[in-house]
Amino acid sequence: MDRRDQLRAADSDRAAVAEQLLRALNEGRLDLAEYEDRLQRVYAAKTYGDLNSGGLLDDLPGTVPVGQAQVVPVDGGAGPGLVPGPDGRYPGATRRWLAETWNGYLGVVTMVVTIWAITSLVSAQWLYFWPIWVAGPWGAVLLLNTVRGLASGEPQRWAGRRAAKRQAKVDKRNHRRAEQAEEGEPA
């Protein structure tokens, strides 16, 4: 048995196989009874070997059996990592940097505008639009910082710092697991 087959499967691994089974059901490749049977076996699987045994995906076109897939264990919910491209730049870094920069602003502005709208509806008249005092100054500062950051290449530096931090976490976790394995403790 391959060492990989003995590794514990994550919830995301089981969910990926379940998603492939659902796609096969929707395409008419599985009937409901087959789908339910396979789905039960997917969620009962503890290891990659369990996910690969029993032909869960072997007879379905367009799916890759778990044993042949290049499954990478999930990083504890940290989300997809930033990986540099062949030129050393991080693809998608600008989009992700902008999303992180503006995300809090958009949430707060949405919340205060909603509060203003509800209070206006309850009072049956349009009240003074006070959310402008939240959105305006904060938005102006964010806009200036965004323009300055884009002009100076901040998204790539941000992606590099984030990737380095993520790699440091992975290295620390691997080091801790190696120490535990040397001591004979379960990882």
The chain: calculated mean residue ellipticity at 222 nm from DSSP helix runs of at least 4, using -39500 (n - 2.57): -21500 deg cm²/dmol
Could you do me a favour and compute the accessible area per residue for the chain, 1.4 Å probe, result in Å²? 68 Å²
What is the packing order of peptides 42-51, 114-123, taking the mean over residues of other C-beta atoms within 10 Å and listing the highest first? 42-51, 114-123
Long-range Cα-Cα pairs in the chain (distance over 22 Å), rounded percent: 68 percent
Applied in sequence order to the range 115-125, the curve 6.51 cos²θ - 1.76 cosθ + 1.60 (Karplus, θ = phi - 60°) yields integer Hz couplings, x standing for Gly and Pro, of 4, 4, 5, 5, 5, 5, 5, 5, 7, 6, 7
Vicinal HN-Hα couplings computed from phi for the range 86-99 (Karplus, 6.51 cos²θ - 1.76 cosθ + 1.60; Hz; Gly/Pro x): x, 8, x, 8, 9, x, x, 5, 5, 4, 5, 5, 4, 4
Hey, got the dipole for the range 1-52? About the Cα centre, +1 on K and R Cβ, -1 on D and E Cβ, debye to the nearest 20? 240 debye
Using a probe of 1.4 angstrom, how much of the accessible area of the chain is carbon and sulfur, in percent? 59 percent
Taking 7 Å along the Cα-to-C-beta vector as the label spot, tell me the Ala124-Leu142 distance in nanometres, rounded to one decimal. 3.6 nm
Please compute the net charge surrounding Arg162, taking Lys and Arg as +1 and Asp and Glu as -1 over other residues with Cβ under 10 Å from its Cβ. +4
Of 5-15, 85-95, ordering from highest average Cβ density within 10 Å down gives 5-15, 85-95
How large is ³J(HN,Hα), in whole Hz, for each residue of the range 30-41 in order, when computed from phi with the Karplus curve 6.51 cos²θ - 1.76 cosθ + 1.60 and θ = phi - 60°, using x for Gly and Pro? 10, 8, 4, 5, 5, 4, 4, 4, 5, 5, 4, 5
Enumerate the amide H contacts of Thr47 below 5 Å, restricted to partners 5 or more residues apart or on another chain; note that Pro and chain-start residues carry no placed amide H. Ala9
Give me the percent relative contact order of the chain, please, defined on Cα pairs under 8 angstrom at least 6 residues apart. 18 percent
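The values are calculated or read from the model by the stated rules, or taken from the named source; none is laboratory data. This structure is a prediction, so every number in the text was calculated from the model and none was measured. Reconstructed Cβ throughout: ideal geometry from the backbone, glycine too, with neighbour counts over all protein chains shown. Note: areas computed on protein heavy atoms with side chains; ligands, DNA, RNA excluded. Shrake-Rupley method; radii C 1.70, N 1.55, O 1.52, S 1.80 Å.
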